[in-house]
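Peer 1: One structure follows; several queries about it will come next.
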Amino acid sequence: MIDSRRRGETNVESVRGNNRGLSTPVTHVLTIGITGVLLVLLLSTANGFLTDQQEYAAQDELNTIGNRLADDIQKVVALSEQGGSVTVTVEHPDAIAGNEYRVSYENTSGACAGVTDTCLAMSVVGQDVSQTVPLSVPSDVSADLTRSGSEFILTATKTSGGSSSGAVVPMTRTMQIGVGQDIDRNKYGEVIDPTNRPPIPKFTFSPDFPESGTPVYFDAADSRDPDGTIVDYEWHIDGSLEHSGSETYSTPLSPGKHNVTLRVEDDEGARSTRTRLMRVSGLAYNDDFTSGAGGGSRCGGVGTTFSVTNEWGDAARVTHLSINPAADVKNINKLEYKSGSEIAFDTDGDGVWDREYEFGSIDLRDKPDGTIVRLRSAEGEFDNDPVVIDPSETVTVSMCKYKGGGNAEDTAVGLRYWVNGATNRTVVDPDRGYVSSYDVEAVSDDIVVSFDSTRQLGSLSAEIGSGSTSTSLSLSDFSESKSGKTYAYEASFPRSPGAYYVELHSAEDTSGNAASSLPRNRTATILGSGDYAWQTTGDWDSAQSSDTVVHQNLGNYDADSVALGNPPGSVDSSLVSYWPFDDGSVKDVVGGNDGIKHGSPTVVEDGTSGTSALKFDGNDDHIEIPDDPSLEMSNNDEVTVSMWVNTHSNGGSDWQVLLEEYQSYGLGMYGDDIAFEIYGDSKWYTTYPGEDIHDVNSPNKYYHVAGSFDQTEGQSYVNGFQTGDNSAPTRILSSSSDIGIGGSTVTDQWNTHATIDNVRIYDNALSGSQIDELADVTEGSITTDERSGPTIGKSGIDILYDADIDSGEEIELTVHAEWKNGNVRSDSVTLKPADDGSGTKTLTGINKNADTFWVEVELHSDLPKGSPELHGVSLEES
């Protein structure tokens, strides 16, 4: 469509249907009956912790109902896909923990925490309990949920490609309470395709009560696929993808509530999701629990002290303490200090106990889970008299006297506190400790092992091996360093080429307490530096050929690895400026036109080709590129602008800037449509598409967009397809204006809510085929140089590899050999996500002895935002 308009004069109407849906829910097999019993038992616990426990129980029950409802909806959707409209009525409890709860069907990414675009949003009235349950609803199915008390009416209608005559008669099912699945089978769900059963995600996290600044360790080892293999794991925190590719993940989290979502994918492409709500305490234990006796104690007897620091941005009000001696310590029976207070606080660090609480005696006998005490004033008032800890303030806690003997240093102490009306807990457990971030990798000719521990270790047992040969390892083989509350351990072991495993069997801290989260086992492969090894910058630079791959130090790329992408100059030599936006940098890696950030553009890890990108909020975020003669395209009157964009909201009827030099040239959006504009004759000339097929409105999807002008015609492109053109004007005016990316340098009204990556400007009009090359980054290849060396017999060749391969990614390897009568090639071997890391594959197909070899590498990603990464390959005789 040809459109000539000025900003402010255009009225573009673009209202599209919201056809979204991704992800598969998993039934959360918890028992509501057991949860109800738990609530009854909780009534016997101390007052102060009752509210806290009720919230946990309510959260469990909400999870159960939510996942059962999601399962019901999925089955109704599956029925509707056979053609027609389906209505099913089911019953679920009408209250949770005696409170009303709310359920709504949502189909926006904002309401669904960004993990998926269709979900159930649930909350309990009067409690700080909520969750979202992901759903998978195809774009050609319209689903909904209505509720009346305990009755839920579920509907699904296939909106295209089917007949409406096959409607299913509505039916009512009552949810049965029992262990596992419903006793009364959900017959309307039997239509689900039996050829592939979805994977079942499960995960744990430790410690049970994490604190800010301390890594939280997530483990999905209990996840399984009933009829296959799980090939990929994705870890989402509060809707943002943080890690993928491995069943374990560790990261410190900020104080407060966090929704942690595990998404798994099986070897047939089915996905399932599990979400858990966890709380991170901002009252951080300083790892300084000590036990003293006699003159070393405040009370002249056996006593303990420890300190906590408030890492919240607001004051914390401590109201209760739980006291629990170690389970194997039977002698401690009470805390009793007849000459003073059993519990005291030093609130200002001056060594004086400012707040003291007398209880007469705190009885610990016959209480396997310890006891809970409420802090009251020294005068014995019954109202809570909390200890207020201001932000960044450290408070020391003292408890005495311990009666009956035993190891006081093994006591676990919990602090219940409030921040802004919400309850939280910190558990000080002196004998706790766990290992996280366990990693084994090959670095040159060394196997490098590293891991973190929450406590300083006094001993460990491990082994490194290959095949049937192994060597025992001890703590003396590892170096130790400390950062904050975390101890880091690392060891390096020189080895010859081959595959090695390193297993960490067990570890103990300096007090002899065993560390949790063990054993751990990982493998790595040393490729070696022999005649048939390709793994360095020089090796990749010597390649016979390469296409749509990058192997240079550029943004998130490394020179000694190969990944998908278009290196500078690979498409056309007229590239003037290139902003990869990796790691938040706005540096021009080709020209000198570095950017200036305005607002707070956010770094996101899931950019294109496995790199990072910048997310703009549509308010005050944009990048300013100062005016420079190299960016004034009026000399030859040709220009091409290229980038990747992931939109987060409809642009509306006004102009939304992706890149613009005001009153010269610009690429942006009207509504869901990409438009390229050239300024001439005192107005903008716009290429504007008229077909919905070229809309850029799918969530969490990257589109390649481009605009070009060749003195006679302006053209716009989406994913390599020309979407619009305009035959006027004939030249580009020079405005000497700064360039804005992600927003305008003129007005915030034109700023864009989108994620942008890999921005390029050429001072030439690229051809359609060149723009298509920029848009096609899901396939790439490299063929190494030929190497001559020792003869490898035809009996067998092993190829050793080191690669990062996530879900939807593959690397295909083919070995070529030269012998006296010609060339032969091996059968290809495909590395999939299950092969992520390093390993060895045996090749077939080369039936001649040879002493000259080279390797052909094909890289593939299902989506533009992904890329496998090959770090190296080598060959050896089997």
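A short reminder: the numbers here are calculations on the coordinates, not readings from a lab. A quick note: this is a predicted structure, and the numbers were derived from the prediction, not measured. As a convention, Cβ positions derive from the backbone with ideal geometry for all residues, glycine included, and neighbour counts pool all protein chains shown.
Peer 1: Work from the charge dipole of region 681-817 (Cβ charges, +1 for Lys and Arg, -1 for Asp and Glu, about the Cα centre) and give the residue of Val815, Ile756, Leu800 farthest towards its positive end.
Peer 2: Farthest along the dipole direction, towards plus: Ile756.
Peer 1: Taking the Cα centre of region 720-873 as origin and charging only Cβ (+1 Lys, Arg; -1 Asp, Glu), how large is the dipole, in debye to the nearest 20?
Peer 2: The dipole magnitude comes to about 440 debye.
Peer 1: Let me make sure I get this right: for region 531-643, a, b and c are the square roots of the gyration tensor eigenvalues over alpha carbons, sorted descending. Under 1.5 in a/c it's rounded, otherwise prolate if a/b > b/c, else oblate. Which is it?
Peer 2: Because a/c hits 1.5 or more and a/b fails to exceed b/c, region 531-643 counts as oblate.
Peer 1: Sequence neighbours fewer than 8 away in the same chain don't count; with that in mind, list the lysines whose C-alpha is under 25 Å from Lys485.
Peer 2: Leaving aside lysines fewer than 8 places away in the same chain, those within reach of Lys485 are Lys257.
Peer 1: So how do Val639, Val657 line up by other beta-carbon neighbours within 10 Å, fewest first?
Peer 2: Val657, Val639
Peer 1: Quick check on region 387-526: take the gyration tensor over C-alpha atoms, sort the square-rooted eigenvalues as a ≥ b ≥ c, and tell me if it's rounded (a/c under 1.5), prolate or oblate.
Peer 2: prolate
Peer 1: Rounded to the nearest 20 debye, what is the charge dipole size of region 222-271 about its Cα centre when +1 sits on each Lys and Arg Cβ and -1 on each Asp and Glu Cβ?
Peer 2: Roughly 380 debye for region 222-271.
Peer 1: Something else now. Return the distance in nm (one decimal) between the two label points of a simple spin-label model at Ser240 and Thr510, each offset 7 Å from Cα along Cα→Cβ.
Peer 2: About 3.5 nm, to one decimal.
Peer 1: How much FRET efficiency would the formula 1/(1 + (r/R0)^6) give for Asn619 and Ser727, where r is the Cβ-Cβ distance and R0 is 35 Å, rounded to 0.05?
Peer 2: On the way: r = 36 Å, r/R0 = 1.04.
The value I calculate is 0.45.
Peer 1: Right, something else. Can you compute 3J(HN,Hα) from phi for each residue in region 771-777, using the Karplus curve 6.51 cos²θ - 1.76 cosθ + 1.60 with θ = phi - 60°, rounded to whole Hz and x for Gly and Pro?
Peer 2: 5, 4, 5, 5, 7, 9, 10
Peer 1: Quote the FRET efficiency, to the nearest 0.05, computed for Ser600 versus Ser529 with a Förster distance R0 of 35 Å and r equal to the Cβ-Cβ distance.
Peer 2: 0.15
Peer 1: So what J values fall out for region 519-526 if you push phi through Karplus, 6.51 cos²θ - 1.76 cosθ + 1.60 with θ = phi - 60°, rounded to Hz, Gly and Pro as x?
Peer 2: So the J values, rounded to whole Hz, are x, 10, 9, 9, 10, 8, 10, 8.
Peer 1: Related question: Please give the peptides 265-275, 757-767 ranked by average Cβ packing (other Cβ atoms within 10 Å per residue), highest first, as a rough proxy for protection.
Peer 2: In descending order of packing, they fall as 757-767, 265-275.
Peer 1: Exposure proxy check: Cys119, Cys299 ranked by fewest other beta carbons within 10 Å?
Peer 2: Lowest count first: Cys299, Cys119.
Peer 1: Counting Lys and Arg as +1 and Asp and Glu as -1, each charge on the Cβ, what is the dipole of region 440-526 about the Cα centre in debye, to the nearest 20?
Peer 2: Numbers: 6 positive and 11 negative charges, 39 e Å.
In debye, rounded to 20, region 440-526 gives about 180.
Peer 1: Follow-up. Mind checking which lysines have their Cα closer than 19 Å to the Cα of Lys794? Skip sequence neighbours fewer than 8 apart in that chain.
Peer 2: Of all the lysines, those that pass the test against Lys794 - Cα under 19 Å, at least 8 places apart if same chain - are Lys820, Lys841, Lys848.
Peer 1: Under the √(5λ) rule applied to the eigenvalues of the Cα gyration tensor, what semi-axes describe the equivalent ellipsoid of region 779-877? Give them in Å, descending.
Peer 2: 26, 13, 11
Peer 1: Multiply the residue gap between Ser472 and Asp390 by 0.36 nm, knock off their C-alpha separation, and tell me the result in nm, one decimal place.
Peer 2: Between Ser472 and Asp390, full extension yields 24.6 nm more.
Peer 1: Which aspartates and glutamates, on any chain, are close to Lys403 with Cα under 13 Å apart, when same-chain ones fewer than 8 places away are left out?
Peer 2: Within the straight-line cut-off, Lys403 pairs with Glu336, Glu342, Asp363.
Peer 1: A follow-up question, please. With θ set to phi - 60° and the Karplus curve 6.51 cos²θ - 1.76 cosθ + 1.60, what are the ³J(HN,Hα) couplings of region 207-212 in order, to the nearest whole Hz, using x for Gly and Pro?
Peer 2: x, 5, 10, x, 10, 4
Peer 1: Treat the count of other C-beta atoms within 10 Å as a stand-in for reagent exposure and order Lys485, Lys841, Lys615 from fewest to most. The partial results should precede the final answer.
Peer 2: On the way: Lys485 18, Lys841 15, Lys615 21.
Ranking Lys485, Lys841, Lys615 by Cβ neighbours within 10 Å, fewest first, gives Lys841, Lys485, Lys615.
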